[in-house]
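What follows draws every value from the coordinates through simple rules; no lab data is involved. Because the structure is predicted, anything quoted here is derived from the model rather than measured. Using ideal geometry, Cβ is built from the backbone for each residue, glycine included, and neighbour counts are taken over all protein chains shown.
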Amino acid sequence: MEYCISTIMDQNGLPFVEAPSGGIDFGYITMEQNLPPAPIRLSIGDRSNGLMHIEIRHGDQIRKAGFGTVVGFVSYVAQNYNCIKKGSAYNNSGNGQNQTYLVQLADKHNNTLWVQLSRDDTYWNVNSAGVLSKRYGRNKENIWSASELQNEESASSNTSQPATNADKEAGSNGTVSDVSVRKNTTFS
């Protein structure tokens, strides 16, 4: 599995993975989506979160669903999601709480990214990702939905608007550098 890593590091000192379009931002969560606005980023991670975790736990599942790579899947969902739901909260090592969210693109499955805000509130880290059944997340609190936005726009403008924005908890990540150098890496 090939991907490019950046010299920009997350808050844990691990490099970010570059998006297929370049740079480290895979997508964005905006203020209109009822969460702090920030880019969605993916770090190389480890066995419990990030790209390594996704490859180990969900990589085959993602490729069987028709996606060529995990990085491509993360990019596709981050740019096209149509729903955000509240995930789980868990205690972190500093005795605080970390809240996760499910960023989902529903088609015949729920293509899901589990994200959480970095400690410095500058980006959303992708902790995990997967292709899940339509039932997954059904009982989770809805934070934002493109269909709700469309219904509001339809009611006010009487025109249909296309949706322009279309999973396991772990530690979060943050930036300590802003210099990006592409490096091809093979995941094994």
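Here are the numbers for this structure:
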{"item": "Entries of K64/K85; K64/K134; K64/K108 with Cα pairs more than 21 Å apart", "result": "K64/K85"}
{"item": "Calculated FRET value between T122 and E32, using beta carbons and R₀ = 22 Å, to 0.05", "result": "0.70"}
{"item": "Cβ-Cβ FRET estimate between E2 and D107, R0 fixed at 22 Å, reported to 0.05", "result": "0.25"}
{"item": "R0 of 22 Å, Cβ-Cβ distance Y90-S133: FRET efficiency to nearest 0.05", "result": "0.40"}
{"item": "For I8, distant residues with modelled amide H under 5 Å away", "result": "F16, V181"}
{"item": "Cα gyration tensor shape of the stretch 32-112, rounded if a/c is under 1.5, else prolate or oblate by comparing a/b with b/c", "result": "oblate"}
